[in-house]
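Undergrad: Structure in structure tokens, see below.
The values are calculated or read from the model by the stated rules, or taken from the named source; none is laboratory data. Only a predicted model underlies this, so the values are computations on that prediction, with no experimental measurement involved. Cβ placement follows ideal geometry from the backbone for every residue including glycine, while neighbour counts extend to all protein chains displayed. When the accessible area is computed, the model is the full protein with side chains, heavy atoms only, and any ligands, DNA or RNA have been set aside. Shrake-Rupley method; radii C 1.70, N 1.55, O 1.52, S 1.80 Å.
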Amino acid sequence: MTFSQPRSNPSSSEVTSDTSTAWWRDAVIYQIYPRSFADANGDGVGDLAGISSKLDYLLDLGVDALWLSPIFPSPMADFGYDVADYCDIEPLFGSLADVDALLEGLHRRGMRLLLDWVPNHTSNEHPWFVEAAQGPTSPKRDWYVWRDPAPDGGPPNNWRAAFSDTPAWTLDPVSGQYYLHLFLAEQPDLNWANPDVEAAMHDTLRFWLDRGVDGFRADVVHLIGKGQDVPDLPDQMAGAPVRWIDHPDAHDYLRRIRLLLDSYPQEPMMVGEVYLLEPGQAASYLGTPEDGELHLTFDFRPLHTKWDSDALTKAIARAQGEFSDPLWPTWVLSNHDRPRHRTRYGSDQRARAAAVLSLTMRGTPFLYAGEELGLSDGVVPPERVVDPGGRDGCRAPIPWTSEPDGGWTNPWLPLPENAETNNAQQQVGEDDSMHALYKRLLRLRKELPVLRQGSMNLLDVPPGVLAYERTLDGQRVVVALNLTDKPVDCTALAGAELLLASDPARLDLAQPLGPDEAVVARSNP
Ligand code: NOJ
């Protein structure tokens with residue numbers, strides 16, 4: 001099947017494909033889960049005015065851009081990932097005027113804003129779906145994926161939905177047809193094979209780009225290409241189609257999205273959530289220099305890797321290999337879908353060493369709000385569980401003060417387990433705190449081009465150690481992490497000058513690397 005070019009897109013000759021000096025290569029991006037960041041109106045749910053009130057905190061920390069999880073009107077079946085209107089703001093979070101104010105506040109401080117665009121599915125309350133559900137003759141019927149039942153009257157194929165052990169299809173009893181939802185039944189999948197859907201979704205991007213936003217995080221964007229056949233998956237894959245759908249159509253859609261983005265003067269960036277973990281899969285969604293697709297894509301393999309030097313070294317080597325020049329990797333250790341890395345790794349020392357890792361590798365780091373405070377997950381008792389995917393713990397509200405509710409009034413979820421010690425009031429300005437470590441790392445990254453642009457090579461080191469060098473224009477920086485519980489000598493650091501250590505007590509490199517310690521050192525090539 002071929003599609004016509006959506007209206008008013010530029011042609012590839014009008015846009016530049018060289019991204020070697022793009023802003024997002026140098027940037028550190030900070031993810032905010034708006035419900036949990038800062039609450040200006042005291043209703044227990046974070047909002048846009050709350051985010052605006054923390055811009056000086058973020059500027060002082062040293063991040064370059066914010067990515068906000070969805071802020072659009074939503075019935076909140078999946079806390080905003082079920083969008084009912086792509087071109088407005090959920091009243092819980094504020095108004096269009098609030099997002100304009102946030103954008104202005106960010107741009108005045110030299111920071112940028114990315115929104116979370118959810119292209120694979122809408123809410124079942126989106127007017128498009130309401131119209132489509134009116135019946136097979138509805139003009140919008142084909143905007144979603146409807147199929148007749150299988151011969152036995154059951155769902156059209158064996159795909160299962162994420163979060164619930166149910167089919168990825170829900171029967172509409174009136175028409176007798178099923179609609180597809182790879183996530184909740186309240187999140188029907190859009191049919192991108194219909195050019196009107198593609199054009200309408202392009203319009204939603206234009207709406208925000210015209211307002212001045214600097215780019216998007218694109219939710220499960222690999223799923224937008226499904227083809228028309230929706231065949232059965234082999235049994236062992238049927239439980240998680242989200243991880244297996246890797247259809248060529250998605251690349252066509254992404255190439256056209258890229259042309260649209262690159263035609264805007266603010267150099268918008270799109271980072272894709274491509275939840276595909278096999279070698280080379282995620283990188284393939286960046287396209288080629290001639291035919292660009294996403295600017296960046298997440299690589300979730302390190303986030304699924306335990307605190308083990310061999311496993312982490314392997315994950316890093318794979319990523320560096322697959323995202324070699326002119327491609328560019330990203331690093332993410334925590335987000336709103338997985339337990340925080342402070343919880344996964346189990347100690348402050350490890351979280352400190354992990355901060356050094358994620359902020360000194362070649363690639364664009366994505367920080368998850370609160371990791372700079374070393375936050376652990378919240379412990380959510382059964383009566384307070386709200387997320388159908390069991391992810392409430394990592395979405396615990398950010399504690400701004402040392403008070404029991406961290407400065408919140410009736411927060412919508414319990415606070416992180418370690419909020420009493422790990423809150424902004426106690427940590428900001430405190431020399432040995434996690435916050436001070438992140439600030440130092442972010443400053444070092446800004447001061448040393450070699451940490452942002454230098455090439456990266458993993459080094460041969462003793463077992464239990466992970467080390468690499470960054471080199472650029474005669475500058476060489478070595479980063480070494482000891483992932484064991486014993487001190488380790490590391491010859492890679494011989495003769496080097498200490499720039500930063502995860503252990504605040506370290507003054508030089510005379511002593512071996514301590515358990516779960518990381519250092520950054522300058523060393524002449
Ligand atoms: C990935 C998002 O990160 C997750 O939070 C959401 O539930 C699914 N996509 C569905 O939109």
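Undergrad: Extending each Cα 7 Å along its Cβ direction at LYS306 and ASN410, get the distance between those two points in nm, one decimal.
TA: 4.3
Undergrad: Hand me the tally of lysine pairs in the chain: alpha carbons under 20 angstrom apart, and the pair either on different chains or 8 or more positions apart. All intermediate terms of the calculation are to be shown ahead of the outcome.
TA: Values: LYS54/LYS439; LYS140/LYS226; LYS306/LYS314; LYS306/LYS486.
Summing the qualifying lysine pairs gives 4.
Undergrad: Rg(Cα) of the stretch 134-191 divided by 2.2 N^0.38 Å? Intermediate results must be reported in sequence, preceding the final value.
TA: Details: Rg = 10.9 Å, N = 58, 2.2 N^0.38 = 10.3 Å.
In units of the 2.2 N^0.38 Å rule of thumb, it is 1.06.
Undergrad: I've got another one for you. Rounded to two decimals, what is the ratio between the C-alpha radius of gyration of the stretch 189-238 and 2.2 N^0.38 Å?
TA: Details: Rg = 14.7 Å, N = 50, 2.2 N^0.38 = 9.7 Å.
Cα-based Rg divided by the globular estimate yields 1.52.
Undergrad: Provide the per residue accessible area, probe 1.4 Å, for the stretch 451-495, rounded to a whole number of square angstrom.
TA: Working: 2080 Å² over 45 residues.
Value for the stretch 451-495: 46 Å² per residue.
Undergrad: Calculate I(q)/I(0) for the stretch 454-523 by the Debye formula, one identical point scatterer on each C-alpha and no solvent, and give its log10 at q = 0.18, 0.27 Å⁻¹ to two decimals.
TA: Relative scattering, expressed as log10 I(q)/I(0), comes to -0.60, -1.29.
Undergrad: Separate question: What net charge is computed for the residues neighbouring THR484, neighbours being all others with C-beta under 11 Å from the C-beta of THR484, Lys and Arg scored +1, Asp and Glu -1?
TA: Values: positive: LYS486; negative: ASP308, ASP485, ASP516, GLU517.
Net local charge, THR484 excluded: -3.
Undergrad: ARG443 versus VAL385, label points 7 Å from Cα toward the beta carbon: distance in nm?
TA: Here the modelled spin labels are 4.5 nm apart.
Undergrad: Subtracting the Cα-Cα distance from 0.36 nm times the residue separation, let me have the gained length for ASP210 to VAL174 in nm, one decimal. Don't skip to the answer; put the middle values down first.
TA: Working: separation 36, 0.36 × 36 = 12.96 nm, distance 4.06 nm.
Length gained between ASP210 and VAL174: 8.9 nm.
Undergrad: Say R0 is 25 Å: what FRET efficiency, to the nearest 0.05, do LEU96 and ASN41 get from their beta-carbon distance? Walk me through the numbers on the way to the answer.
TA: Values: r = 17 Å, r/R0 = 0.67.
Between LEU96 and ASN41 the formula returns 0.90.
Undergrad: Using alpha carbons only, how many angstrom separate the centre of the stretch 294-361 from the centre of the stretch 462-512?
TA: About 18 Å separates the Cα centre of the stretch 294-361 from the one of the stretch 462-512.
Undergrad: Heavy atoms only, probe 1.4 Å: what % of the accessible area of the chain goes to carbon and sulfur, would you let me know? Mind dumping the intermediate values first?
TA: Numbers: 9960 of 19960 Å².
Carbon-and-sulfur percentage of accessible area, whole number: 50.
Undergrad: Right, next: Counting only other residues whose beta carbon sits under 11 Å from that of LEU303, what net charge do I get with K and R as +1, D and E as -1? Walk me through the intermediate numbers first.
TA: On the way: positive: ARG301, LYS306, ARG338, ARG340, ARG344; negative: ASP299, ASP337.
Residues near LEU303 contribute +3 overall.
Undergrad: Give me the one-decimal nm value for the distance between modelled label points at TYR57 and THR401, 7 Å along each residue's Cα-to-Cβ direction.
TA: Once both label points are built, they end up 1.2 nm from each other.
Undergrad: Using the alpha carbon gyration tensor of the stretch 33-117, what are the three equivalent-ellipsoid semi-axes (square root of 5 times each eigenvalue), largest first, in whole Å?
TA: Working: eigenvalues 89, 36, 25 Å².
Working through the eigenvalues yields semi-axes of 21, 13, 11 Å.
Undergrad: Continuing with this model, one more query. Would you mind getting the accessible area per residue of the stretch 121-189, heavy atoms of the protein chains only, 1.4 Å probe, in Å²? If you can, show how the numbers build up before the last one.
TA: On the way: 3060 Å² over 69 residues.
Accessible area per residue: 44 Å².
Undergrad: Still on this structure, I have one more. Which whole-percent values make up P(r) of the chain when all C-alpha to C-alpha distances are grouped in 10 Å steps starting at zero?
TA: Cα pair-distance distribution for the chain, in percent: 4, 18, 28, 27, 16, 6, 1, 0.
Undergrad: Assuming 0.36 nm per residue, please report the length gained on full extension of the stretch ASP431 to SER347 beyond their Cα-Cα distance. Write down the numbers at each step before the final one.
TA: On the way: separation 84, 0.36 × 84 = 30.24 nm, distance 1.90 nm.
Length difference between fully extended and current span is 28.3 nm.
Undergrad: On the principal axes of its Cα set, how long, how wide and how thick is the stretch 357-490? Give whole Å, largest value first.
TA: On the principal axes, the stretch 357-490 reaches 56, 31, 29 Å in Cα extent.
Undergrad: Same structure, new question: Using +1 on the beta carbon of Lys and Arg, -1 on that of Asp and Glu, and nothing else charged, what's the dipole of the stretch 121-189 about the Cα centre, debye to 20?
TA: Details: 4 positive and 9 negative charges, 20 e Å.
About 100 debye.
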